[in-house]
Amino acid sequence: MTKTAPSLLRPRNAEEHARVTYAELFFDLVFVFAVTQLSHVVLKHPDGPGLLHAAVLLLAVWWSWIYTTWVTNWLDPERGPVRLMLFVMMAAAMVLAASIPDAFGARGLAFAAAHVFIQVGRSAFFLWIAWKDKGHRANFLRITAWLAFAGVFWIAGAFVEGQARLLVWGLAIAIEYVSPAVGFWTPGLGRTKTSEWNVEGGHMAERCALFTIIALGESIIVTGSTVMGLEWEAPVMAAFAGAFLCSLAMWWIYFSSTAEAASKAIADSRVETQSKY
């Protein structure tokens, strides 16, 4: 396979995985903020519909972050154009995060537009970078087509209200999650095999681990700053202790064995799915 724009691609080293760069960590801060904003959705509507709204928004935020992490598994954030792309995506993610508490209200269009811009814009950037590479070009044409198709429903959902918005956005997120499961099959372009993705497992696992650390750190900061402004009565201290123990438990569950197992599982995966379309 012919490489294109090698100066923008990460060098692959069989001996060790690519390190996570400071630009990537800086980018992750915005998405940790977006995740914390989801709590405001639940606090505002602590009922069944509120939980459904938060679930749809969480799936969207997580998928935006995962796709960007996946792309930077190939692209080198130390290079100017790639770093600029990440910073543009950060700006859009700030709009996304700020609109989350009222995404099912007056700021629905802001959320939808930011999400679609991140998903389609990032994939289109990679497509531009790797256009002369036949494998990458076909792969990201399929991906961009699916994300643009889902984007139609994200934008359309912003122009309806209530249950209708939940249904339309639910369809949009379903399209985004189903697409990789079917190999991004696209009429005239076929299907992507898993062997074509060539993911560097160590880098992906490290990104997820560092994101988790940042999120847990944010939860500890919020817990500590909240309890500082309250009377230290028995119920408050019990909630404080419970929140801390939950953060500790989540760290233990993830980092005691899961992080290393994830790295090994991704790195050792060599399954090639044959197209049946």
Please go through segment 180-204 and give me each residue that is open to solvent by less than 30 Å² (accessible area, probe 1.4 Å), in a helix (DSSP H, G or I) and either over 19 Å from Y254 (Cβ atoms) or out of contact with any His (no Cβ under 8 Å at 6 or more places or on another chain) (or both), ordered by number.
M204
The lone exception for S39 - which of (1) modelled with pLDDT under 90; (2) buried (at least 20 other Cβ atoms within 10 Å of the Cβ) it fails:
(2)
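Out of the residues in segment 42-60 that are under 22 Å from G151 (Cβ atoms) and touching a residue at least 40 places away in the same chain (Cβ under 8 Å), which is surrounded by the fewest Cβ atoms within 10 Å (Cβ to Cβ)? Show your work before the answer.
First pass over segment 42-60, keeping only residues under 22 Å from G151 (Cβ atoms): 52-60.
Retained after the next criterion (residues that are touching a residue at least 40 places away in the same chain (Cβ under 8 Å)): 52-53, 56-57, 59-60.
On the way: L52: 15, H53: 23, V56: 21, L57: 25, L59: 17, A60: 26.
In this case the residue turns out to be L52.
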Scan segment 129-178 residue by residue and report those that are open to solvent by 10 Å² or more (accessible area, probe 1.4 Å) and among the small types (G, A, S).
G135, A138, A145, A148, A156, A158, G162, A164, G170, A174
Of (1) crowded, with 21+ Cβ neighbours inside 10 Å; (2) out of contact with any strand residue (DSSP E or B) (no Cβ under 9 Å at 6 or more places or on another chain); (3) among the aromatic types (F, W, Y), F126 fails just (2)
Segment 10-36, residues that are closer than 25 Å to R137 by Cα and either open to solvent by 40 Å² or more (accessible area, probe 1.4 Å) or modelled with pLDDT under 75 (or both):
R10, P11, R12, N13, A14, H17, A18
With the requirement that a residue be more than 18 Å from R10 (Cβ to Cβ) and open to solvent by 10 Å² or more (accessible area, probe 1.4 Å), what does segment 62-86 give you?
W62, W63
Mind checking which pairs have a first residue in segment 202-220 that is within 30 Å of A241 (Cβ to Cβ) and a second that is small (G, A, S) and open to solvent by 30 Å² or more (accessible area, probe 1.4 Å), Cβ under 7 Å, 6 or more apart or different chains?
C208/A262
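The values are calculated or read from the model by the stated rules, or taken from the named source; none is laboratory data. Computed from a predicted model, the values in this text were never measured in an experiment. Here the Cβ is made from the backbone with ideal geometry for all residues, glycine too, and neighbour counts use every protein chain on show. To get the accessible areas, we keep the full protein, side chains included, count just its heavy atoms, and leave off ligands, DNA and RNA. Shrake-Rupley method; radii C 1.70, N 1.55, O 1.52, S 1.80 Å.
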